[in-house]
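Down below is the structure, laid out as structure tokens.
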Amino acid sequence: MTPLHGHYNGWVVALSFAIAMFASYMALSLTSKIMRASGRSRLGWIAAGSIVMGCGIWSMHFIGMMAFHLPISVAYDVPVTVLSLVLAVLASFVAFAATAPAAVSWRRLGIGGLAMGAGITGMHYTGMAAMRLDGTITYDPAVWALSAVIALIVSYVALFLFMRFRTVTGATGWRWACAALMGLAVCGMHYTGMAAASFVAPHGAAHGEGASNAAFLLVGVALTMSVILLVSWAAVYFDRHVLERMAYSDPLTGLANRHVLDRAFEERLAPEAGGSLAVMFLDLDRFKTINDTLGHDIGDQLILQVSRRLQSGLVSGQTVYRLGGDEFLLLLPGCGREEAAAVAERLLQELKQPYRIEDNMLYVTASVGISLAPDHARDRSALMKAADTAMYEAKHQGKNRYVVFDADLGDRMERNMRLEKDLRKAMALEEFFVVYQPQWHASKRRPIGMEALVRWKHPEMGVVSPVEFIPLTEESGLIIPLTQWVLREACREAEGWRRGGWGEASVSVNLSVRVFESRQVLEMVTGALQDAGLAPERLELEITESLLLYDVRGIVAQLEELRRLGVKIAMDDFGSGYSSFGSLDRLPIDTLKIDRLFIKESDASAKQAILQAIITMASRLRIEMVAEGVETEEQMRRLSESGCLVMQGYYYGKPMEPNALREWLTARLGDVG
């Protein structure tokens, strides 16, 4: 047997290291995307990095083998060569998967470093096993072990540094350092492994120069390098274009989302674009009811169909964005008031057409608010706020309509913003006060109760109507502490009437649905009664039919707890809500308060018939009746003849502050007595 001595081409050796480092850098760059990915996306980034890393290791090895020249002919077994490539890719996958989490334990780092080092070593010696030559290869065990140790140690260090700096912005230098270490691990292992190998050939073996199937190696290396470049380019393209598109589009409808708005407004409001723009804020009416009754899947399908109708209703250059939930924003460049109004009218007509979703036929309307640039504002925030304000005005006017922002709405918006801001300190400054309006019993000719009504005396604006500030307290959540305060004041005042000798008149307090949602009603009521020493039967809590649009079971359960306590329940504004007669069997109530609309128009025969029906029904159900808004003697007489004896309105007394109420009680009870 004749020992064979090989030699290296220095330039090719340098090329092999450069390829190993380049592939390592690309692989580490790809796997750094794992930190912001999840699910299949994370798996895809790991796979891409593993393919690049595995191909880089394999390419470096066989470029190194082409740089190594033996004095005999060498060929390579194709299946075993391919197997070495598969081993490199799989080992890289295990290493990157183990170190993918944001927080990597030492155990995971150990698994990752072991997998990478073993993969480099396994790929190398599998590639060596693919060599076909007229001779044998033997290995020095010590040098063989050293090559494996080099691969393991440098792999550990490279992965550790990569994890340490992968989340650091601008750490490109450290990433190149990690790539250099990984390339060093691959090259160090390779050339140490080659140093461990001894080649011998029998006497008279055919001589040659290097690999006899060099074309196969060249094609293989070229293909793997192409794969490295292709996967890296595809990953960069995906990251810059596909992921960006996903980040800036709504996943359900595919519409652009709110993240695109800044750029869109900037382009539409630019001087070269003309600066003329209509902004349309669109919100579906009572969409929450569909979600709650039919489920979110049906709601999502409805949103999808609505988005398609909106898109089909626009012309080129006009765009629609989904802001979230059932809110959409439309930008109409070059549109004035008339053009925007025409578009809004057309869209409203289209949206209210029935929707067939599974086995449901749904009917949905929308409310639209419109603002115009430059008439109303010249920046994104102000235009959106103006359109939003106009949209809420459309809802306030009855829904299924559009409203164009104007100066009055602007003043109202500024006033509401001021009120909302001042509300938060109003309670601390004791700016709220309670007034009381009597409820008079016509046959007994005496007051039997008082309705407590909260008022706000603003230091600059004077007395603010509850129509203005109550919705603001509901939106902000301040309605809960405000209601608690009113309950305590009203109960304390009612107990004062008894002690002052003005009888056992009850007191009524209005409750918002937000108070029921807080699940604090029972605690608030019992606390107010105990602090004042008021008997529970002298407190009446007023609710409205709109409660039926919310958690009916939960609200009914709370009302039943209050009734067991002895507190009475009244339905306020009966006949003006959403369910009217059909709601009486769903809510535990003691009193019906007829809405003032029926009293105001009680001279009309149709209203008289409805009024008589309500009174007859309440009498048969043994529910007490209170007529609101009684202002004339004729109304009082007509109600008395119809059987409604308890009345409330200006005919008997306006809402009064406590001192004025005591004077009124003294005068009235003295007259009666």
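Residue-by-condition table, conditions (1) touching a Leu at 6+ places or on another chain (Cβ under 8 Å); (2) hydrophobic (A, V, I, L, M, F, W, C); (3) within 18 Å of Arg268 (Cβ to Cβ):
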site: Leu323; (1), (2), (3): yes, yes, yes
site: Arg378; (1), (2), (3): yes, no, yes
site: Leu383; (1), (2), (3): yes, yes, yes
site: Asn400; (1), (2), (3): yes, no, no
site: Phe405; (1), (2), (3): yes, yes, yes
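Just the residues that are part of a loop (DSSP other than H, G, I, E, B) and touching a residue at least 40 places away in the same chain (Cβ under 8 Å), please, taken from the stretch 357-377. Talk me through it step by step, then tell me what you get.
Quick first cut of the stretch 357-377, residues part of a loop (DSSP other than H, G, I, E, B) only: 358-359, 363-365, 374-377.
Of everything in the stretch 357-377, those that are part of a loop (DSSP other than H, G, I, E, B) and touching a residue at least 40 places away in the same chain (Cβ under 8 Å) turn out to be Glu358, Val364, Thr365, Pro374.
For the stretch 298-318, give me each residue that is among the polar types (S, T, N, Q), open to solvent by less than 40 Å² (accessible area, probe 1.4 Å) and under 22 Å from the mean Cα position of the chain (by Cα). Give the steps one after another, and end with the answer.
Taking the stretch 298-318 first, the residues among the polar types (S, T, N, Q) are 301, 305, 307, 311-312, 316, 318.
If we keep only those that are open to solvent by less than 40 Å² (accessible area, probe 1.4 Å) as well, we get 307, 318.
Correct list: Ser307 only.
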For the stretch 400-414, what are the residues that are without any contact (Cβ under 8 Å) to a residue 40 or more places away in the chain and not hydrophobic (A, V, I, L, M, F, W, C)?
-> Asp406, Asp408, Gly410, Asp411, Arg412, Glu414
Open to solvent by 70 Å² or more (accessible area, probe 1.4 Å) and among the charged types (D, E, K, R), is that true of Arg455?
-> no
Can you tell me which of Leu87, Leu114 is modelled with pLDDT of 80 or more and under 16 Å from Leu146 (Cα atoms)?
-> Leu114
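Might you check whether a residue that is of a type in the set (A, V, I, L, M, F, W, C), surrounded by fewer than 17 Cβ atoms within 10 Å (Cβ to Cβ) and out of contact with any Gly (no Cβ under 9 Å at 6 or more places or on another chain) occurs anywhere in the stretch 328-340?
From the stretch 328-340, those of a type in the set (A, V, I, L, M, F, W, C) are 328-332, 335, 340; that's our starting set.
Right, trim to surrounded by fewer than 17 Cβ atoms within 10 Å (Cβ to Cβ) and you get none.
No, there is no match, as no residue in the stretch 328-340 is of a type in the set (A, V, I, L, M, F, W, C), surrounded by fewer than 17 Cβ atoms within 10 Å (Cβ to Cβ) and out of contact with any Gly (no Cβ under 9 Å at 6 or more places or on another chain).
Does Tyr402 fit the bill of being open to solvent by less than 80 Å² (accessible area, probe 1.4 Å) and among the aromatic types (Phe, Trp, Tyr)?
Details: open to solvent by less than 80 Å² (accessible area, probe 1.4 Å): yes; among the aromatic types (Phe, Trp, Tyr): yes.
Answer is yes for this residue.
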Mind checking which residues of the stretch 491-550 are among the small types (Gly, Ala, Ser), at pLDDT below 95, more than 32 Å from the chain's Cα centre (by Cα) and within 18 Å of Asp572 (Cα to Cα)?
-> Ser506
Name the residues in the stretch 386-399 that are without any contact (Cβ under 8 Å) to a residue 60 or more places away in the chain, in contact with an Asp or Glu (Cβ under 9 Å, 6 or more places away or on another chain) and open to solvent by less than 70 Å² (accessible area, probe 1.4 Å), would you?
-> Ala394
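Filter the stretch 635-657 for residues that are out of contact with any Phe, Trp or Tyr (no Cβ under 8 Å at 6 or more places or on another chain), closer than 16 Å to Asp603 by Cβ and aliphatic (A, V, I, L, M) and give the result. It would help to see each step written out before you state the result.
To start, the set of residues in the stretch 635-657 that are out of contact with any Phe, Trp or Tyr (no Cβ under 8 Å at 6 or more places or on another chain) comprises 637-645, 649-651, 654.
So of that shortlist, the ones also closer than 16 Å to Asp603 by Cβ come out as 637-642, 644, 649, 651.
Result: Leu639, single match.
Scan the stretch 260-297 for residues that are among the acidic types (Asp, Glu) and either within 18 Å of Lys352 (Cβ to Cβ) or crowded, with 17+ Cβ neighbours inside 10 Å (or both) and jot them down. Let's see the steps before the verdict.
If we filter the stretch 260-297 for residues that are among the acidic types (Asp, Glu), which is where we start, we get 262, 266-267, 272, 283, 285, 292, 297.
Asp283, Asp285, listed by residue number.
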Hey, Pro466 hits all of (1) farther than 23 Å from Tyr651 by Cα; (2) at pLDDT 90 or above; (3) of a type outside the set (Gly, Ala, Ser) but one; which does it fall short on?
-> (1)
Only one of (1) within 30 Å of Leu559 (Cα to Cα); (2) among the hydrophobic types (A, V, I, L, M, F, W, C); (3) open to solvent by 30 Å² or more (accessible area, probe 1.4 Å) is not met by Ala604, so which one is it?
-> (1)
Log entry, pairs with first residue in the stretch 659-673 being modelled with pLDDT under 80, second being open to solvent by 40 Å² or more (accessible area, probe 1.4 Å), beta carbons closer than 6 Å, six or more apart or on different chains, reads Val672/Arg445; Val672/Arg446
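Mind checking which helices (runs of 4 or more DSSP H) fall wholly inside the stretch 402-501 and carry at least 2 residues that are closer than 30 Å to Gln349 by Cβ?
Details: elements: 407-426, 466-476, 479-499.
Fully inside the stretch 402-501 and qualifying: 407-426.
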Among all residue pairs at least 6 apart or on different chains, which show Cβ distances below 8 Å where the first residue, located in the stretch 130-148, is closer than 20 Å to Leu85 by Cα and open to solvent by 70 Å² or more (accessible area, probe 1.4 Å) and the second is outside any loop (DSSP other than H, G, I, E, B) and not acidic (Asp, Glu)?
-> Arg132/Val74; Arg132/Ala75; Arg132/Tyr76
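The values are calculated or read from the model by the stated rules, or taken from the named source; none is laboratory data. Predicted model only: the values in this text are computed from it and were never measured. Counting neighbours? That spans all protein chains shown, and the Cβs are built from the backbone with ideal geometry, glycine included. Note: accessible area is taken over every heavy atom of the protein model, side chains too, but ligands, DNA and RNA are not part of it. Shrake-Rupley method; radii C 1.70, N 1.55, O 1.52, S 1.80 Å.
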